[in-house]
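The values are calculated or read from the model by the stated rules, or taken from the named source; none is laboratory data. Remember, it's a predicted structure, so these values are computed and weren't measured experimentally. Here the Cβ positions follow ideal geometry from the backbone for every residue, glycine too, while neighbour counts run over all protein chains shown. Areas reflect the complete protein model, heavy atoms only, side chains present, ligands, DNA and RNA absent. Shrake-Rupley method; radii C 1.70, N 1.55, O 1.52, S 1.80 Å.
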Amino acid sequence: MGDAQCTKIREAIGLLAFEGEPVSWERYGSGHINDTFRLICRTEEKEKHYILQRINHEVFKDPVSLMGNIEGVTLFLRERIEAQGGDPERETLNVIKAKDGKGYCRDSEGNYWRGYIFIDKATTYDKVRDPRDFYQSGKAFGRFKGLLAEYPADELAETIPNFHNTPVRLETFKEAVKADVCGRAHLVEKEIKFILDREKEASVVMDMLKDGRLSLCVTHNDTKLNNIMIDDETGEALCVVDLDTIMPGLSIFDFGDSIRFGANTADEDEPDVSKASLSLPLFETYTRGYIKGCRGSLTPEEKRMLPMGAKLMTFECGTRFLTDFLQGDTYFHVSRENHNLDRARTQLALVADIEKKWKEMEEIVLKCDKEAGFA
Ligand code: ADP
Ligand code: GN1
Ligand code: MG
């Protein structure tokens, strides 16, 4: 960590109302967007652990409204969790206020920072180590949807407009290909063709939203396995984290993004694309957990479209990674050459495999739905 960054971190720590004296901090987690640190403070009696995050304000243009969303949603979740006899300090994020009473602070360079209570004795996983964790994450994201069913969705700010609007993402991609600012388009002709060949399908879900066959609900929009904390003792999903993209959205996309990340037999950034494929057993595991967690709140049309949610989220994410590669890696954090290209290729290989396994996916959804007894 450079001196300049250390100074900014110190400044942010001084502005937020952490309990005790700061003792140490370290970079934490493997998110692609924010800068996350684990902070240790010490009071006379005990050690207190916190998450300290610099909000990426290049990506989130209005961090104040974003924190308004998070404060609103976490307070709402707190009440629901308390009413159900749960532990609100561990089962939802808890924002640490700034000393001026706001939910965030700003350093002298204009960066926005926030603090959360650190959830101890729980872990996020970058890869499914045990299918039970994946089942748990499905259940937790389904439950999350249910807990927020009565949240006033129209009060939520759209933190990234058109976040999961696949046709709009495709337009941005086409512009990036045309502009080709880094002269990289000739390296990815095959991938460009793969994406453009699927242009028609990219709008299927948005069309269903327009004609009322699907409707908006409060969604998380970034339902990767590493945004769920699993309790180290019980093995159960404890808390949904990374609430920056909570917005009105489509439940099938929340489902789909989990499949994209967790049911891939390869890591998201695996350079050897031949390793990428859809694990049908993991698809089944997550589907079972998600349908159960939703407790009957999915409409028949939503259930029918779950495989399409998985395909489109994978397609969209692959398109976004390739767009970023073409634009010079300015959006997602990268740590090696061709990182975004590897990520894009892996997503597109997964799309191709999903297409091959379509029928099986539909059958699995029907089977899990029947089993859950909500059909
Ligand atoms: P990003 O948007 O960059 O993905 P996240 O908000 O997901 O950032 O945080 C990155 C990682 O930090 C998470 O994957 C999780 O491991 C950890 N994390 C986030 N919030 C907490 C918390 N309150 N307690 C413990 N760990 C957390
Ligand atoms: C980003 O912040 P993180 O790493 O959880 C991205 C998601 C992508 C994901 C791909 C705000 O999520 O949309 O699906 O990377 N978040 C944002 O891993 O763009
Ligand atoms: Mg995250």
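Just to be sure I understand the filter: pairs with C-beta atoms under 8 Å, separated by 6 or more residues or on different chains, first member in segment 153-179 and on the phi > 0 side of the Ramachandran plot, second member among the hydrophobic types (A, V, I, L, M, F, W, C) and assigned to a helix (DSSP H, G or I). Which pairs pass?
Within 8 Å, the pairs are Asn162/Val168.
Name the single residue that is farthest from Gly262 (Cα to Cα) among those in segment 325-357 being crowded, with 20+ Cβ neighbours inside 10 Å and near ligand 2 (Cβ under 10 Å from one of its atoms).
Of all residues in segment 325-357, those crowded, with 20+ Cβ neighbours inside 10 Å come to 325-326, 340-351, 354.
Okay, now just the ones that are also near ligand 2 (Cβ under 10 Å from one of its atoms), so 343, 347.
On the way: Arg343: 14, Gln347: 12 Å.
Result: Arg343.
Right, Ile354: in contact with a Ser or Thr (Cβ under 8 Å, 6 or more places away or on another chain), under 22 Å from Met206 (Cα atoms) and free of Cβ contacts under 8 Å to residues at least 60 places away in the same chain or not? Before you say what the answer is, go through the steps one by one.
Working: in contact with a Ser or Thr (Cβ under 8 Å, 6 or more places away or on another chain): yes; under 22 Å from Met206 (Cα atoms): yes; free of Cβ contacts under 8 Å to residues at least 60 places away in the same chain: no.
Answer is no for this residue.
How about segment 324-375: which of its residues are among the aromatic types (Phe, Trp, Tyr) and not in a loop (DSSP other than H, G, I, E, B)? It would help to see each step written out before you state the result.
Taking segment 324-375 first, the residues among the aromatic types (Phe, Trp, Tyr) are 325, 331-332, 358, 374.
Across segment 324-375, the qualifying residues are Phe325, Trp358.
Test each condition in (1) more than 16 Å from ligand 1 (Cβ to nearest atom); (2) buried (at least 23 other Cβ atoms within 10 Å of the Cβ); (3) assigned to a loop (DSSP other than H, G, I, E, B) for Gly289 and report the one that comes out false.
(3)
What are the residue pairs meeting all of these: first residue in segment 108-125, first residue in contact (Cβ under 8 Å) with a residue 24 or more places away in the chain, second residue of a type in the set (A, V, I, L, M, F, W, C) and more than 16 Å from ligand 3 (Cβ to nearest atom), Cβ atoms under 6 Å, and 6 or more apart or on different chains?
Trp113/Ala12; Trp113/Cys105; Gly115/Leu16; Gly115/Ile96
Could you check segment 223-242 and list, in sequence order, the residues that are within 16 Å of ligand 3 (Cβ to nearest atom), over 15 Å from Gly31 (Cβ atoms) and open to solvent by 20 Å² or more (accessible area, probe 1.4 Å)? Don't jump to the end; show me each part of the working.
Our first condition is that a residue be within 16 Å of ligand 3 (Cβ to nearest atom); within segment 223-242, this holds for 223-230, 237-242.
Applying the additional criterion that residues be over 15 Å from Gly31 (Cβ atoms) yields 230, 237-239.
Answer for segment 223-242, where residues must be within 16 Å of ligand 3 (Cβ to nearest atom), over 15 Å from Gly31 (Cβ atoms) and open to solvent by 20 Å² or more (accessible area, probe 1.4 Å): Ala237, Leu238.
Could you pull out every one of the helices (runs of 4 or more DSSP H) wholly within segment 1-105 that has 3 or more residues that are closer than 30 Å to Pro161 by Cβ, open to solvent by 40 Å² or more (accessible area, probe 1.4 Å) and within 16 Å of ligand 1 (Cβ to nearest atom)? Spell out how you get there, then give the answer.
Working: elements: 3-15, 63-83, 88-91.
Ranges flagged: 63-83.
Those residues that are away from ligand 2 (no atom under 16 Å from the Cβ) and either under 19 Å from Arg143 (Cα atoms) or not in a helix (DSSP H, G or I) (or both), I need them from segment 201-220; list them, please.
Within segment 201-220, Asp211, Gly212, Arg213, Leu214, Ser215, Leu216, Cys217, Val218 meet the criteria.
Pick out the one residue from Asp257, Asp242, Asp267, Asp272 that is charged (D, E, K, R), free of Cβ contacts under 8 Å to residues at least 60 places away in the same chain and either in contact with a helix residue (DSSP H, G or I) (Cβ under 9 Å, 6 or more places away or on another chain) or farther than 27 Å from Cys217 by Cα (or both).
Testing whether each residue is charged (D, E, K, R), free of Cβ contacts under 8 Å to residues at least 60 places away in the same chain and either in contact with a helix residue (DSSP H, G or I) (Cβ under 9 Å, 6 or more places away or on another chain) or farther than 27 Å from Cys217 by Cα (or both) leaves just Asp272.
Take segment 243-263 and flag every residue that is within 13 Å of ligand 3 (Cβ to nearest atom) and hydroxyl-bearing (Ser, Thr, Tyr).
Result: Thr245, Ser258.
So, in segment 33-56, exactly how many residues are touching a residue at least 40 places away in the same chain (Cβ under 8 Å), within 12 Å of ligand 2 (Cβ to nearest atom) and touching a helix residue (DSSP H, G or I) at 6+ places or on another chain (Cβ under 9 Å)?
Number of matching residues: 1.
When you go through Leu16, Leu39 one by one, which is the residue that is under 27 Å from Tyr125 (Cα atoms), among the aliphatic types (A, V, I, L, M) and modelled with pLDDT of 95 or more? I'd like the intermediate steps shown before the answer.
Values: Leu16 fails: under 27 Å from Tyr125 (Cα atoms).
Going through Leu16, Leu39 in turn, the sole match is Leu39.
State all residues of segment 18-71 that are aromatic (Phe, Trp, Tyr) and closer than 13 Å to Ile96 by Cα; if no residue qualifies, say none. Give the steps one after another, and end with the answer.
Applying the first criterion (aromatic (Phe, Trp, Tyr)) to segment 18-71 yields 18, 25, 28, 37, 50, 60.
Result: Phe18, Tyr50.
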